[in-house]
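To keep things clear, I will list the structure first and then write my remarks on it.
Bear in mind these aren't lab numbers, they're just calculated from the coordinates by the rules spelled out. Worth saying up front: this structure is predicted, and the values here are computed from it rather than measured. No Cβ is skipped: glycine too gets one built from the backbone with ideal geometry, and neighbour counts run over all protein chains shown.
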Amino acid sequence: MSAKTSDSGGSVSVKPTLRRRSSLRNAVQSVSMMLGMRRRSLFRRDSKPKPKLENTYKTKPDEGHEFRPSAVRSAVEDVLHIHLKDVTYDPKQIKTLTCQLSTMIQHKVKGLGFERHKLICNVIVGQRQDQGVHMASRCLWDPVNDNWASAEYVNDTVFAIATVHGVYFD
């Protein structure tokens, strides 16, 4: 029981409020606390701090690791030809196919050994219906170290344009 004082200075007794506490609520709270603690401990155990690396101050790519548009163009053409040769246009299917193509192209170009280049891959896939398509892009970059490559693919129902930009970074 708790006691309160009144304005006249005397003590007034107050009945305690009895509440029924839900055991389900307590169980849910305790489980969520345990899961939260478990997730934190897993992250702490598995993650290692990244070592802090010093700047190299390289202003151009190493010999043999320059962005080569001809090699990139042939790699992009291979990916487009392999994955689009039997495709017919379906809007629901093309949405996921475009993302997959972009990822596959990016992985294939990474395998060419451009270690200090950030790769930006854009893929456009559309329905072929006797229309023309023009594509343009602008970039602010170093014309000596940065470059791009583009490839197109056309079959009876689908056209595709893929562009890869290689931007050198330190």
Review point. Going through the stretch 85-170, which trypsin sites (Lys or Arg not before Pro) have at most 15 other Cβ atoms within 10 Å and a DSSP loop state?
Key: Lys85, Arg128, Arg138
Review point. Whole-Hz Karplus ³J(HN,Hα) for the stretch 51-68, in order, using 6.51 cos²θ - 1.76 cosθ + 1.60 and θ = phi - 60°, x for Gly and Pro?
Key: x, 7, 9, 7, 5, 9, 6, 7, 9, 8, x, 5, 4, x, 10, 6, 6, 10
Review point. Relative contact order for the stretch 67-126 using alpha-carbon pairs under 8 Å, separation at least 6, rounded to a whole percent?
Key: 45
Point to revise | Fraction of the pair-distance distribution of the stretch 69-168 above 20 Å, Cα-Cα pairs, percent | key: 38
**Study point:** Per-residue ³J(HN,Hα) for the stretch 83-91, Karplus 6.51 cos²θ - 1.76 cosθ + 1.60, θ = phi - 60°, Hz, x for Gly and Pro
**Key:** 9, 10, 5, 10, 8, 10, 6, 9, x
Study note, to complete from the structure: Rounded to two decimals, the Rg over Rh value of the stretch 115-170 from Cα coordinates and the Kirkwood Rh reads 1.09
Review point. Of Val164, Val154, Val79, how do they rank once you tally other Cβ atoms within 10 Å and put the fewest first?
Key: Val154, Val79, Val164
